[in-house]
Amino acid sequence: MGLGTLSERRGWVWFLLVPSLLLIAAVVLYPTFWGMSLSFREMRLNRPDLGTGFVGFKHYVALWNDPVFWLSLRNTLVWVVGATMGEFLLGLTTALLVDRGLPGFRAASVLILLPWFLPNVVAGHIWALMLDPRLGVINDILVRIGVLDSYFAWFANPDTALGAAMVVEIWHGFPFFALLLLAGLKAVPLELYESAEIDGAGPFARFRHVILPQLQMIIVATVVLRVISLVNAPDIILILTGGGPGRASQVLSLYAFLKVSKEFNFGYGSALAMVLFVGLMGFSYLYVRLSNVLKE
Amino acid sequence: MGAKHRRLIGNLLAYGAVILIVALSVLPVLWTFLISIKPDEEVITATLTYLPKRPVWDNYVSIWTRSGFPQLILNSAITTAVTVAICTTAGTLAAYAVARTRFAGRQKILLLYLAVRMFPAVMIVIPLFITLRNVGLLDSRFGLALAYTSFLLPVFIWMMKGFFDAIPPELEEAARIDGASRLTAMVRVILPLVLGGLVATSVFVAIGAWNEYLFALMVTSSSGSRTWPVGLQLMVGEFQLPWGELAAGGMISIAPVVILFAIVQRALVRGLTAGAVKG
C-alpha cells in the first residue's frame, strides 16, 4: 500500500500528528511527571548509598526551613516584576514611536531586534565588558559626565548586582514586546483613530480609550510568556553574577539549577522546580482570569 | 502654535527618541566589535580609547586557533542541524494537520502544543538529564538536539500553523477534484506555497538552538559534544580569556545569526507576529 493510498484512510491525520506527539511525550511530558515524582524522592548522584527511595514531603519541609529559598524567592519576584515592567514599558514606547511610520522607521524596527536575537552568553559578556570595574566604557562615560567619581564594580556590589543584571535583561528582552505590540498597533482599525479625532480626543485619551483596549489581548499574552521565561531561565544571572556576590542575586531557577549541577541533589532541585511550576501555573491562571474580568 | 507646527515638533521628537533606542540596541554590539579589532595594549590602558588606532585581526586568529574553538562551532552546527531536521519533519506535519484539517480533538491537541510552551525549563532539564543518561544519549549532540525539541518544537508548530492558515482552503479541494491524493495535495500543492514561511520558521528554530546555553551546560560534558556558548563561557573562567579574544569569539558566534536573520527577516517578523495580529 502506497503512502498516497494510506492518506485516504479515515484516521490519516493522526499519522501527521504522531511524530510530534511522541516527541513531546518523550521530552516534555515524561520528564515533567518524573520530575514531579522526583521531588518526593531522594536522589543524589554523588551519594548512591542513599538510594532513590520515597521520602514524602522531606524536601518541601527542608525548603520551608531554608533561608536561601526565601531569599531566592524574594529575588525572583524583584527580578521578574522589574524586568517585565522595564521590558514592557520600553517595548511599548518603542512600538508607539515606530508606529508613527515616518521614513526610516521600518529599518529601525528591524535594527532594534538585534539584542533579542543575541545569545545570552554574548549579551552577558557585552555588558560585562562595558560595565567592567577597571576598563568598562559605561563607567568611563559616567565618570566623564560627572555621575560617578570613580569606576564602580556593578556586579560585585550586593546592592547593585541584581539591578545591573536587570538592565542587561531589559536590553536583551525589550524587542520582544516592541515587535508584538507594534504588530498589534498596526492592526488597530484606522476608523477608530478617526472617530477619536472627531470626538476631540487628545493623545492621552486616544491612548487610554482606543489603543490600550485594542492591545489588551496582546499585552496579556506577551506578559504571560515573558514572565514564564524570566522565571524559568537563569542564564543571564548565571553568566553575569552566578547568583552573587554572596547570594545577593540568587533566584529560584538558578538555585534549583546549581543544586542539581553542582551538588547533584536531584530531589531537592526538583522540589524547587515544582515550586516554580506551581507558582507559574497559578500566576498564568489568575492573570488571564483577572484581565478577562476587567475586559467585560 | 498651529497643528502643523505641533506635528513637526512631534515628528522631530519621535526621530530623536527612535534614534536613541536604535543606538541603545546596536551600539553595545558595535562596541564589542571595536574591542575585537583592538590590539591588547589599546584595550588595557589607563585612558580608554574609543576608536582603535591600529585595527588588527589578531584576536580572531588567536581565538580560532585556541584549542577546541572550531570543534565547539562544529558541535553547535551539528546540534543545530539535527534540531532543525527534527522540528521541520515532525513540526511541519503537525502544523499542517492542525491548520488544514478538521478532526475530533483538534482543540485539545492545539491546547497541548500551547501548554507545553509553559513548562519550566528547569523542571524539564533535571529529569531529562537522567533520562538521557539512562538511554546513553547524555553528552551527545543528538541527545542535546532532542532536549532542544522540548521547547523549539511547540514554537515551530505554532509559527508554521500561522503560515498554513494564511493559504485559502479551496486549494486542497481543487487538487482533490483533479484526482490527487491527500498526501499529493499536501506535498505538491500546499507545501510549495509555505516554503518562505518554512525557511523563516526553521531559521528561528536554528537561532534558538545555536544560542542555547542552559541545557547545553547541563547535558554536555566533553569536547565531543560541547557547544560554543558553554565552551566560550568555560574559556572565560578557566583561561581568563583576554577581552579582545572574548569579543572576537562572540563576533564569530553571532555572525551566522545576524546573516540568517537579515536574509529572512521579513517572513520571520510576519511569522512571529501572525498570532498577535489576529488577536
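Per-structure values
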quantity: Matching option when the condition is within 8 Å of chain B (Cβ to nearest Cβ), farther than 30 Å from B:A3 by Cβ, touching a residue at least 40 places away in the same chain (Cβ under 8 Å) and not aliphatic (A, V, I, L, M), among A:S249, A:S253, A:S261; calculated: A:S253
quantity: Set B:V43, B:V98: member being over 23 Å from the mean Cα position of the chain (by Cα) and closer than 24 Å to A:P115 by Cβ; calculated: B:V43
quantity: Candidate set: region B:236-254, residues that are among the aliphatic types (A, V, I, L, M) and within 11 Å of chain A (Cβ to nearest Cβ); chosen: the one nearest to B:V82 (Cα to Cα); calculated: B:I254
quantity: Region B:38-64, residues that are surrounded by fewer than 12 Cβ atoms within 10 Å (Cβ to Cβ) and of a type in the set (A, V, I, L, M, F, W, C); calculated: B:A46, B:L51, B:W57
quantity: Residue in region B:124-145 that is of a type in the set (S, T, Y) and in contact with a Ser or Thr (Cβ under 7 Å, 6 or more places away or on another chain) present; calculated: yes
quantity: Of the criteria (1) within 12 Å of chain A (Cβ to nearest Cβ); (2) buried (at least 16 other Cβ atoms within 10 Å of the Cβ); (3) at pLDDT below 90, which one B:I167 fails; calculated: (1)
quantity: Residue list for region B:114-133, restricted to those being within 7 Å of chain A (Cβ to nearest Cβ) and either within 14 Å of A:L280 (Cβ to Cβ) or outside any helix (DSSP H, G or I) (or both); calculated: B:V116, B:M118, B:F119, B:P120, B:A121, B:V122, B:M123, B:I124
quantity: Which numbered condition A:S39 fails, given (1) within 18 Å of B:I109 (Cβ to Cβ); (2) modelled with pLDDT of 85 or more; calculated: (1)
quantity: Selection count, region A:222-250, where residues are crowded, with 17+ Cβ neighbours inside 10 Å, farther than 19 Å from A:L272 by Cα and modelled with pLDDT under 85; calculated: 0
quantity: Search result, residues across region B:219-244 that are outside any loop (DSSP other than H, G, I, E, B) and surrounded by 23 or more Cβ atoms within 10 Å (Cβ to Cβ); calculated: B:V219, B:W228, B:P229, B:V230, B:G231, B:L232, B:G244
quantity: 2 or more residues in contact with a Ser or Thr (Cβ under 8 Å, 6 or more places away or on another chain): qualifying helices (runs of 4 or more DSSP H) within region B:11-90; calculated: B:58-65, B:69-86
quantity: Positions within region A:43-68 being in contact (Cβ under 8 Å) with a residue 24 or more places away in the chain, over 30 Å from B:Y148 (Cβ atoms) and in contact with a strand residue (DSSP E or B) (Cβ under 8 Å, 6 or more places away or on another chain), in sequence order; calculated: A:V55
quantity: Search result, residues across region A:142-177 that are away from chain B (no Cβ under 14 Å) and acidic (D, E); calculated: A:D149, A:D159
quantity: Single unsatisfied condition, A:G282 versus (1) of a type outside the set (D, E, K, R); (2) assigned to a helix (DSSP H, G or I); (3) surrounded by 14 or more Cβ atoms within 10 Å (Cβ to Cβ); (4) within 13 Å of chain B (Cβ to nearest Cβ); calculated: (3)
quantity: Restricting region B:52-79 to residues that are in contact with a helix residue (DSSP H, G or I) (Cβ under 7 Å, 6 or more places away or on another chain) and closer than 30 Å to A:S150 by Cβ, the residue that is modelled with the highest pLDDT; calculated: B:N59
quantity: Condition broken by B:A90, with the remaining ones in (1) surrounded by fewer than 15 Cβ atoms within 10 Å (Cβ to Cβ); (2) within 14 Å of chain A (Cβ to nearest Cβ); (3) under 26 Å from the mean Cα position of the chain (by Cα) satisfied; calculated: (1)
quantity: Count of region B:260-279 residues which are among the polar types (S, T, N, Q) and either more than 22 Å from B:A81 (Cα to Cα) or at pLDDT below 85 (or both); calculated: 1
quantity: Within region A:97-193, helices (runs of 4 or more DSSP H) holding 3 or more residues that are under 30 Å from B:T45 (Cβ atoms), modelled with pLDDT under 85 and of a type in the set (F, W, Y); calculated: none
quantity: Candidates B:A216, B:A209, B:A262, filtered to the one that is out of contact with any helix residue (DSSP H, G or I) (no Cβ under 6 Å at 6 or more places or on another chain) and either assigned to a loop (DSSP other than H, G, I, E, B) or within 12 Å of another protein chain (Cβ to nearest Cβ) (or both); calculated: B:A262
quantity: One residue from B:I9, B:I78 being away from chain A (no Cβ under 11 Å), under 30 Å from B:L241 (Cβ atoms), out of contact with any His (no Cβ under 8 Å at 6 or more places or on another chain) and of a type outside the set (F, W, Y); calculated: B:I78
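The values are calculated or read from the model by the stated rules, or taken from the named source; none is laboratory data. Quantities reported herein were computed from a predicted structural model and do not represent experimental measurements. For neighbour counting, all protein chains shown are included, and Cβ atoms are generated from backbone atoms with ideal geometry for every residue, glycine included.
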